[in-house]
């Protein structure tokens with residue numbers, strides 16, 4: 001059974017100027033421990049779709065089917081670290097809000113920070129970290145609640161190109177090591193093909209599922225190496241053409 | 001350290017020293033010329049007063065025991081209205097941030113109240129609150145309050161949407177969003193408002209003292225003007241300069257300290 005299933009999701013915005021159909025009849029399912037990338041032209045409603053999955057926006061129609069126990073964590077665009085909190089306190093934000101056992105959460109946070117090389121920075125301010133390290137701290141902040149499903153909203157868009165390549169490798173490695181399911185929203189086809197097990201292409205607004213590609217690249221390689229594989233450009237080209245094609 | 005860098009540092013140091021010496025020089029020149037012009041009677045000291053007469057005036061206020069009564073009265077009114085307007089203004093801004101309906105309803109009223117010159121309310125305040133310290137504090141409060149509400153609210157509303165979404169995805173309600181994100185993110189903004197309020201609460205207090213009062217620096221200014229004792233007017237002005245600057249510096253210092261944390 002799928003971990004999460006979206007059935008006929010639609011969303012219509014209402015404003016004074018009229019109504020906008022942002023998402024139209026989207027059905028898709030995410031399997032356990034799968035890494036799914038959602039790509040689409042800018043303004044297509046990818047982020048909105050992700051926010052619906054995170055429960056931040058209620059859809060106008062359709063339903064989301066998932067088990068009660070499936071914990072979801074959302075990682076917004078840019079790292080969203082709070083500048084007035086130390087790295088450790090940023091990581092502990094979710095347990096603090098949930099009001100659970102903070103000691104247990106702290107022990108787990110320490111373990112994660114240690115494992116991913118941020119231990120010595122745990123009392124530092126986010127501004128003292130490099131872009132890549134900030135992204136890693138933000139990822140640990142989402143991991144600390146032990147979610148099953150991680151929703152990543154263009155997490156690399158604020159980084160420069162070089163850092164971005166490196167952080168892609170880093171994030172995928174951590175997500176795979178922690179055995180998480182992840183949905184990544186991006187406008188960067190390269191990023192999607194190099195990281196994901198499956199890529200879902202959305203149409204321009206109103207967003208609908210245009211096509212789906214199961215990526216058959218060697219998963220033992222990090223994303224940066226996958227970019228050099230022969231089939232990579234084939235996937236890229238197909239997806240690019242799908243995004244260029246007008247809506248039917 | 002390279003020779004070049006040493007040279008650079010030395011140049012910076014000298015530059016800073018020159019600026020400071022010039023500043024002090026201007027001050028000495030100003031008071032010197034003032035004293036000299038009174039001494040040589042280039043200008044009538046009865047109209048312009050002079051530094052030595054100002055000092056004598058302050059000394060006589062001190063010996064009569066009035067000096068600290070006046071300073072105390074004004075300082076008390078200023079500090080109370082400053083604190084009250086900051087706390088009350090922030091609290092109102094929180095309420096308006098919390099309740100969008102309330103915020104939309106009050107918007108035109110805030111604009112009108114903000115545009116109104118608060119001194120126009122003087123007669124009303126005197127009649128309603130009574131001619132005393134209450135009226136002065138009310139006047140100063142009105143001057144600071146509206147601008148505090150507007151600036152604080154603006155700060156609250158400009159918090160990054162992404163971060164609010166992040167907290168919501170963690171299950172935070174409005175209260176937690178405010179405490180964990182909106183308030184700490186706005187500490188620098190609130191401190192900037194404090195700096196403006198220091199100046200405004202002095203304006204309000206002195207204005208209030210012009211209208212009513214039997215003590216305070218504003219009272220001394222008006223009284224000195226009425227009986228043509230320019231020494232007293234100049235003395236009060238100088239004391240005001242010192243006090244207002246000291247209070248501003250205190251707030252600026254606390255801002256600097258707080259900025260380290262937020």
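The table below lists the values:
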item	result
Residue in the stretch A:116-135 that is under 20 Å from the mean Cα position of the chain (by Cα), more than 25 Å from residue A:29 (Cα to Cα), buried (at least 23 other Cβ atoms within 10 Å of the Cβ) and more than 13 Å from chain B (Cβ to nearest Cβ) present	yes
Condition met for residue A:151 (modelled with pLDDT of 80 or more, assigned to a strand (DSSP E or B) and away from chain B (no Cβ under 14 Å))	no
Test result for residue B:42, under 20 Å from the mean Cα position of the chain (by Cα) and farther than 30 Å from residue B:185 by Cβ	no
Filter result for residue B:185 (under 29 Å from the mean Cα position of the chain (by Cα) and facing another protein chain (nearest Cβ under 9 Å))	yes
Residue in the stretch B:241-262 that is in contact with a helix residue (DSSP H, G or I) (Cβ under 8 Å, 6 or more places away or on another chain), within 14 Å of chain A (Cβ to nearest Cβ) and outside any loop (DSSP other than H, G, I, E, B) present	yes
Flag if residue B:180 is surrounded by 16 or more Cβ atoms within 10 Å (Cβ to Cβ) and within 14 Å of another protein chain (Cβ to nearest Cβ)	yes
Test set (1) more than 14 Å from chain A (Cβ to nearest Cβ); (2) out of contact with any helix residue (DSSP H, G or I) (no Cβ under 7 Å at 6 or more places or on another chain); (3) over 24 Å from residue B:74 (Cα atoms) - residue B:192 fails condition number	(3)
Elements of type strands (runs of 3 or more DSSP E) in the stretch A:165-248, at least 1 residues being buried (at least 22 other Cβ atoms within 10 Å of the Cβ)	A:181-186, A:198-202
Test: residue in the stretch B:158-172 that is more than 14 Å from chain A (Cβ to nearest Cβ), more than 14 Å from the chain's Cα centre (by Cα), free of Cβ contacts under 8 Å to residues at least 12 places away in the same chain and under 30 Å from residue A:139 (Cβ atoms)	yes
Test: residue in the stretch B:31-47 that is under 20 Å from residue B:238 (Cα atoms), assigned to a loop (DSSP other than H, G, I, E, B) and touching a residue at least 60 places away in the same chain (Cβ under 8 Å)	no
Residues satisfying the stated conditions in the stretch A:69-110, i.e. exposed (fewer than 14 other Cβ atoms within 10 Å of the Cβ) and within 12 Å of chain B (Cβ to nearest Cβ)	A:71, A:83, A:99, A:100
Restricting the stretch A:151-164 to residues that are touching a residue at least 60 places away in the same chain (Cβ under 8 Å) and in contact with a helix residue (DSSP H, G or I) (Cβ under 6 Å, 6 or more places away or on another chain), the residue that is surrounded by the fewest Cβ atoms within 10 Å (Cβ to Cβ)	A:153
Residue within the stretch B:135-150 that is in a helix (DSSP H, G or I), away from chain A (no Cβ under 14 Å) and without any contact (Cβ under 8 Å) to a residue 24 or more places away in the chain present	no
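The values are calculated or read from the model by the stated rules, or taken from the named source; none is laboratory data. For clarity, every value in this text was computed on a predicted model and none was experimentally measured. All Cβ positions, glycine included, derive from the backbone under ideal geometry; neighbour counts span all protein chains shown.
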